[in-house]
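Asker: Could you have a look at this structure, given as C-alpha cells, before my questions?
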Amino acid sequence: MRSRGATLLAAWCLLLAVGQTVAFALVWWAFVRTWRGQSLDTIALTGNSIGQDEAYGPASTVLGVVSVASLALATGVIGFIALLRGRVLLAVVAMAVIAGSNLTTQLFKYRVGRPDLGVDPIDAYAANSLPSGHTTVAVSVAVALVLVLPAALRGVGALAGATYAAAAGVATLSAGWHRPSDAVAAILVVGAWAAAGMLVLALAGPAGTEPRATGRHPAALTLLVTAGLALLVVAGLALVSTEPVTATPLEVVSRRRLFVAYAGSAAGIAGTAALVLAMVLATARHVVAAPAAAAAGATVGTVRD
C-alpha cells in the first residue's frame, strides 16, 4: 500500500502533466487553427523588426549554442551528475525528459500541418513551426538540470534555468525564426514531460513510506512564481491591446501597436518559462528526496539529499 502523502504527490504530478498537455493543445488550437490567433502571432512576429538590428546579435549568440551536439553533450553531463549522486532512476528520468520533449516537438512540428487562413499571403504555404525546436532544447536541458542538481543548488539552478529558457524562447522571436506561440508551446511540451518524469519518480518510492522533502528555496520559488504571473498579466494586456487591429493590414499597423504585440509576446514566453521552472523546483523537492525510512538514521530535523 502506498502512503497517503505518496499518493497525493503522484496525483499532483499527474495533474501537472495533464494540465500542461491541455494548455499545449489550447495554444496550438488558438494560434494555429484560428484566424484570430494566427493574426495575433503574425503581428507580434512583425513587431520584432523594431530594434531587430540591435537584438539580432545577442539573439544569434543565444541560439548559436543550441545544436544537436550541444544537446547530446548536455544530456550526457546531466546523466553523469545523477549517476555521480547514486541516482540511477533519476538519471534515466532526466535524460528521458530531454529525449521525449525534443522527439515530441519534432514529430508534432513535421506531422501536423498549419492551415492557410489567409493571414499572411507571403507565408501562406510555410510549414508548421509549432513547437520551437531551439526553445525545446534549451528548456529541456534547464529542467533536467534542476532535477539532478543536489537540493542545495536547485534554487539557483531553477533561476538560471528560467533565465536561459526565457532568453532562448525570446531569441527565436527576436531573430524572426519563430512565432510567439511556437516558443510557448515548446515550454509546455517540456513541462508536461517533466511532470510525467516526476510522476515516475513519485511512483518509484518504497511502498508505505512518506516522501521526505529537501531544499525548500522559498525565495527562488517566490521570485519565479511572482515574475511568471506578472509577465503573463503583461502578455494578456498586450493581447487585449492588439486584438482590435487583427483585421488591419500589417503595413498600416502603427509601430507602437507592433512593439506592444512583440513585447507582450516576449513577456508571455518568459512568464511561461518562469512558471514551468517554478513547478519543477516546487515538486522536485518531494520526488527527488529520501523517503522517511531511508532517512531514519539522520539527525532529527536534518534531511540529506
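Only the coordinates and a few stated rules stand behind these numbers; no lab work does. In this text, all values refer to a predicted model and were calculated from it rather than measured experimentally. Ideal geometry is used to build each Cβ from the backbone, glycine not excepted, and the neighbour counts take in all protein chains shown.
Asker: Viscosity 0.890 mPa s, temperature 25 °C: Stokes-Einstein D of the chain from its Kirkwood Cα radius, in µm² per second?
Answerer: Values: Rh = 19.9 Å.
Once the numbers are plugged in, D ends up at 123 µm²/s.
Asker: For an R0 of 25 angstrom, estimate the FRET efficiency from the Cβ-Cβ distance between LEU103 and ALA30 and round to the nearest 0.05. Spell out each step's value before the answer.
Answerer: Working: r = 24 Å, r/R0 = 0.97.
Using R0 = 25 Å, I get an efficiency of 0.55.
Asker: Could you work out which residue, out of THR42, THR136, THR61, moves most in a Gaussian network model of the chain, that is, has the largest mean-square fluctuation with Cα springs under 10 Å?
Answerer: THR61
Asker: Would you work out if the stretch 12-109 is rounded, prolate or oblate? Take a ≥ b ≥ c from the square roots of the eigenvalues of the alpha-carbon gyration tensor; rounded if a/c is under 1.5, else prolate when a/b is larger than b/c, oblate otherwise.
Answerer: Working: a/c = 3.08, a/b = 1.41, b/c = 2.18.
Note, shape of the stretch 12-109 comes out oblate.
Asker: Placing one identical point scatterer on every Cα of the stretch 65-185 and ignoring solvent, what is log10 I(q)/I(0) from the Debye formula at q = 0.09, 0.13 Å⁻¹?
Answerer: Listed by q, the Debye log ratios stand at -0.29, -0.56.
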